[in-house]
Structures are given as structure tokens and as C-alpha cells.
Amino acid sequence: QVQLVESGGGLVQAGGSLRLSCAASGSIFSIKGMGWYRQAPGKQHEWVAAITSGGSTNYADSVKGRFTISRDNAKNTVYLQMNSLKPEDTAVYYCNTLSRDKWAWGRGTQVTVSS
């Protein structure tokens, strides 16, 4: 079973930046599309960004132009660079495969943006 460990969250002022990392165990990482998701208090899980095994990317409208997803297959790691952060970006951020059959969710990393 693949294990996912997210890191890099924290408290930042509006307009600031954070870079999240997600390390995955297992050798199948490189062939999987990966995504970042988030869940704010009282809200449903929300897809944020995606990157295919070939490096193509896609973003939710709410983060387009501010967030950048990337991956390093040699390190089994996917990243999320978040710029121009807004208070509404406050959430726990998770990564997982884009496949319908998700891997076990990690603990996520908390991002808090103060106004």
C-alpha cells in the first residue's frame, strides 16, 4: 500500500506564499497522475490541482494563476507552490492519485491564511 506524507503547511498572511510537498512510498508513483485536494472546516473535499504522469497540469478555477503543481518522479514527490494566498485558501491540504481508486489518505498539512 502506498503511503502519502504531506508537509510544508503553516500560517501565512494574505498575499504570502507556501510550498507544499507530498512524498509517496512505492515504485508506482511515476506512472500515476497525482492531485492536490483540500478540505476547509465545514466544507467538502475539494480538488485543487492535477498533474499527469507526463507532466500535464490542470487547476481548479479558484487557484488558477496562483498555484503551480509539479512533480519529481526520482524523489516520488509532488509539490504545490501556492502564491498570492487568500484567507479562503485556508484548509487541510492532501495529495492522492487521480485514479478513481484512491490510495489511503495521508494526514494532510494545515494551511492557514490570515487576513
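Brief remarks follow.
- Largest-first ellipsoid semi-axes for segment 1-45, taking √(5λ) over the Cα gyration tensor eigenvalues, angstrom: 25, 14, 10
- Under 23 Å from the Cα of K102 - lysines, other chains or at least 8 residues apart: K32, K43, K75
- Placed amide H near K86: partners under 5 Å, 5+ positions off or other chain: G15
- Share of carbon and sulfur in the accessible heavy-atom surface of the chain [1.4 Å probe, %]: 47
- The charge dipole of segment 1-79, taken about its Cα centre with unit charges on the Cβ atoms of Lys, Arg (+1), Asp and Glu (-1) only, comes to about 60 debye.
- With coordinates expressed along the principal axes, the C-alpha atoms belonging to segment 28-115 extend over 39, 26, 21 Å, beginning with the largest.
- Solvent exposure of the chain amounts to 53 Å² per residue of accessible area, where only protein heavy atoms count and the probe is 1.4 Å.
- Only protein heavy atoms count here; on that basis, with a 1.4 Å probe, I51 has an accessible area of about 10 Å².
- Kirkwood-Stokes translational diffusion coefficient of segment 1-77, alpha-carbon pairs, 37 °C, 0.692 mPa s, µm²/s: 240
The values are calculated or read from the model by the stated rules, or taken from the named source; none is laboratory data. Just so we're clear, the structure is a prediction, and the values are computed from it rather than from any experiment. Positions of Cβ are backbone-derived with ideal geometry, glycine not excepted, and every protein chain shown enters the neighbour counts. Just the protein is used for accessible areas: all its heavy atoms, side chains included, with ligands, DNA and RNA removed. Shrake-Rupley method; radii C 1.70, N 1.55, O 1.52, S 1.80 Å.
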